[in-house]
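The values are calculated or read from the model by the stated rules, or taken from the named source; none is laboratory data. Because the structure is predicted, anything quoted here is derived from the model rather than measured. FYI the Cβ positions are ideal-geometry reconstructions off the backbone, even for glycines, and counts take in every protein chain you see.
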């Protein structure tokens, strides 16, 4: 049992989860450079844990559950803190509508998945390609926002575009996920018959 918990990918996921409060504290108290470093380490660990799990056949049920939870916790924490007034001073905080789109997408996905599981017992939820793209763009966006906070002259240059892309992808990937799950359920029914 311990060997299926203490795999390298799971340890990287635990590291990512442990970095969330460290990142949040550094960001909240104005250590933007350090928060960027902690965030990048957490973001890179997300890619590395998936690669190691597939490459060395260390995929576990625990990792399948914890990895997306760690991602959601990291991104939710990042966007909530970045939306707070004066955290990024002298840079502007992230507009609320961007954070609402990011969190709203996650709430939609969790609600749909939970309702389908309760009603049908279906457990084969997998991320869609658009959902993976949305998460990747959110990670890049947080890094770009932090870079703009460190170098405020850059913020007007690209941040409005970053905000629009993040919100649009969050919305479309949330809607797309409903159709994706319906397709997954049909595929599972075909395989059973």
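Listed here are the helices (runs of 4 or more DSSP H) enclosed by the range 1-84 that have at least 3 residues being surrounded by 13 or more Cβ atoms within 10 Å (Cβ to Cβ) and within 17 Å of the chain's Cα centre (by Cα): 8-28, 32-55, 61-83. Please indicate, with yes or no, whether at least one residue in the range 141-153 is farther than 24 Å from residue 29 by Cβ, modelled with pLDDT of 95 or more and in contact with a helix residue (DSSP H, G or I) (Cβ under 6 Å, 6 or more places away or on another chain). For the range 141-153, residues farther than 24 Å from residue 29 by Cβ, modelled with pLDDT of 95 or more and in contact with a helix residue (DSSP H, G or I) (Cβ under 6 Å, 6 or more places away or on another chain): absent.
Screening residue 88 against (1) touching a residue at least 24 places away in the same chain (Cβ under 8 Å); (2) assigned to a helix (DSSP H, G or I); (3) under 19 Å from residue 141 (Cβ atoms) leaves a single unmet condition, (2). Scanning the range 107-138 for residues that are farther than 25 Å from residue 150 by Cβ and touching a residue at least 60 places away in the same chain (Cβ under 8 Å) gives 108, 109, 112, 113, 116, 120, 122, 124. Tell me, yes or no, whether the range 142-151 has at least one residue that is more than 26 Å from residue 12 (Cα to Cα) and within 20 Å of the chain's Cα centre (by Cα). Within the range 142-151 (the criterion being more than 26 Å from residue 12 (Cα to Cα) and within 20 Å of the chain's Cα centre (by Cα)), the answer is no, since none of the residues qualifies. Evaluate the range 112-127: report whether one residue or more is at positive phi and exposed (fewer than 15 other Cβ atoms within 10 Å of the Cβ). Yes, the range 112-127 has at least one match. Taken together, the residues in the range 68-104 that are modelled with pLDDT under 90, in contact with a helix residue (DSSP H, G or I) (Cβ under 7 Å, 6 or more places away or on another chain) and farther than 17 Å from residue 25 by Cα amount to 3.
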